[in-house]
Structure formats: structure tokens, C-alpha cells
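A.B. asks: Structure provided below as C-alpha cells; questions to follow.
The values are calculated or read from the model by the stated rules, or taken from the named source; none is laboratory data. None of the values given here were measured: they were computed from a predicted structure. A quick note on method: Cβ atoms are made from the backbone with ideal geometry, for glycine too, and the neighbour counts reach across all protein chains shown.
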């Protein structure tokens, strides 16, 4: 009779684990597609115009020693 609770836990947990793993894989795939698409858009828009670097910086006085505007 002690085998029944273990089987019940496995039967209950298996769909939850399968859905969680599927959800995480879909999120990872979407993140990869987003990153590749963003990289390709930036490359296509900037590299063909001769822009090699994008600098984004704060106008804070703490950063003025590191970034030359």
C-alpha cells in the first residue's frame, strides 16, 4: 500500500514538469530569436552606412571622465 502515494505523486507531477520544461524551452527559443533579429536589424541598419559603434552613455558627471562626448 505504500507504493500508491509514490505513483500518485509521479502521475501528478509529470504533467507539471513537462509543461514547465516546455514553457522554459519556448522562452529560450523566443529569446534567441529576439536576440538574433535585433542583432541582424542593427547590423543591417548601421553597418551598411559605415557606423561601426553605438555608444549609449549617461549625462551624469560621474561618467564624464570615462566617455568623451
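A.B. asks: Would you mind stating whether residue 10 is assigned to a helix (DSSP H, G or I) and at pLDDT 80 or above?
C.D. replies: So residue 10 does not fit the description; no.
A.B. asks: Separate question: Yes or no: the range 36-43 includes at least one residue that is surrounded by 10 or more Cβ atoms within 10 Å (Cβ to Cβ) and more than 30 Å from residue 53 (Cα to Cα).
C.D. replies: Just the residues of the range 36-43 that are surrounded by 10 or more Cβ atoms within 10 Å (Cβ to Cβ), to begin with: 36-43.
Now drop any that are not more than 30 Å from residue 53 (Cα to Cα), which leaves none.
No, that holds for no residue.
A.B. asks: Find all pairs meeting these conditions: Cβ atoms under 9 angstrom apart; at least six residues apart or on different chains; first residue within the range 19-46 and free of Cβ contacts under 8 Å to residues at least 24 places away in the same chain and on the phi < 0 side of the Ramachandran plot; second residue exposed (fewer than 10 other Cβ atoms within 10 Å of the Cβ) and not in a helix (DSSP H, G or I).
C.D. replies: 42/54; 46/52; 46/53; 46/54
A.B. asks: Of all residues in the range 59-69, which are modelled with pLDDT of 70 or more and surrounded by fewer than 10 Cβ atoms within 10 Å (Cβ to Cβ)?
C.D. replies: Answer for the range 59-69, where residues must be modelled with pLDDT of 70 or more and surrounded by fewer than 10 Cβ atoms within 10 Å (Cβ to Cβ): 59, 60, 61, 62, 65, 66.
Here is a yes/no grid of residues against (1) modelled with pLDDT under 85; (2) assigned to a loop (DSSP other than H, G, I, E, B); (3) over 24 Å from the mean Cα position of the chain (by Cα); (4) closer than 30 Å to residue 66 by Cα:
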residue	(1), (2), (3), (4)
1	yes, yes, yes, no
17	no, no, no, no
26	no, no, no, no
33	no, no, no, no
38	no, no, no, yes
46	yes, no, no, yes
